[in-house]
Amino acid sequence: MLGWAAIIALLPHTPDMRPYLDRVLEYHAATDFGIISRSTRFDNVLAVLLGAGKLTSRYLVPSALCPEQSGVIITTHLDISTTTIRFAGEQE
């Protein structure tokens, strides 16, 4: 499964995943981008200042919540006003 489809498929089997995803989406919206590289942080700041480009966040998924996934990546494309969330091992 690609992108958000894997997360959607997991939600019925992992009820605690939804509150976790809500929380990290709130962090992302508040510009707390989680665990990202210095260059990604720079790109995010530049995108915010320009109001264009994309914002990328990465958060660890607690192993007690979903042992087979290490993290989630949230990407907001400012130009087209869309946000996607996917597991770290998936392609955007």
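I want to confirm something. Restricting to the range 19-31 and keeping residues that are under 20 Å from Thr82 (Cβ atoms) and not aliphatic (A, V, I, L, M), which single residue is surrounded by the most Cβ atoms within 10 Å (Cβ to Cβ)? Restricting to residues being under 20 Å from Thr82 (Cβ atoms) and not aliphatic (A, V, I, L, M), the top hit is His28.
Determine whether the range 7-14 contains at least one residue that is modelled with pLDDT under 95, over 24 Å from Asp79 (Cα atoms) and not in a helix (DSSP H, G or I). Yes, the conditions are met somewhere in the range 7-14.
Out of Ile36, Ile74, I need the residue that is surrounded by 12 or more Cβ atoms within 10 Å (Cβ to Cβ), in contact (Cβ under 8 Å) with a residue 24 or more places away in the chain and of a type in the set (A, V, I, L, M). Which one?
Ile74
Only residues that are in contact with a strand residue (DSSP E or B) (Cβ under 9 Å, 6 or more places away or on another chain) and surrounded by fewer than 13 Cβ atoms within 10 Å (Cβ to Cβ) were counted in the range 42-67, giving 0.
Filter the range 20-33 for residues that are without any contact (Cβ under 8 Å) to a residue 12 or more places away in the chain and either part of a helix (DSSP H, G or I) or not small (Gly, Ala, Ser) (or both) and give the result.
Taking the range 20-33 as the starting set, the residues that turn out to be without any contact (Cβ under 8 Å) to a residue 12 or more places away in the chain are 22-23, 26, 29-30.
Residues satisfying the conditions are Asp22, Arg23, Glu26, Ala29.
Listed here are the residues, each with its yes/no results for (1) at pLDDT below 90; (2) part of a strand (DSSP E or B); (3) aliphatic (A, V, I, L, M); (4) farther than 29 Å from Asp16 by Cα.
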site	(1), (2), (3), (4)
Asp43	no, no, no, yes
Ala47	no, no, yes, yes
Ala52	no, no, yes, yes
Leu55	no, yes, yes, no
Ser63	yes, no, no, no
Gln69	yes, no, no, no
Ile73	no, yes, yes, no
Thr76	no, yes, no, no
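Residue count for the range 82-92 under the criterion of being part of a loop (DSSP other than H, G, I, E, B) and either open to solvent by less than 30 Å² (accessible area, probe 1.4 Å) or modelled with pLDDT of 90 or more (or both): the result is 2.
The values are calculated or read from the model by the stated rules, or taken from the named source; none is laboratory data. What you see is a predicted model, and the numbers here were worked out from it, not measured in a lab. Don't worry about glycine lacking a Cβ; one is built from the backbone with ideal geometry, like all the others, and counts go over all protein chains shown. Protein only, heavy atoms only, side chains kept; ligands, DNA and RNA dropped before computing areas. Shrake-Rupley method; radii C 1.70, N 1.55, O 1.52, S 1.80 Å.
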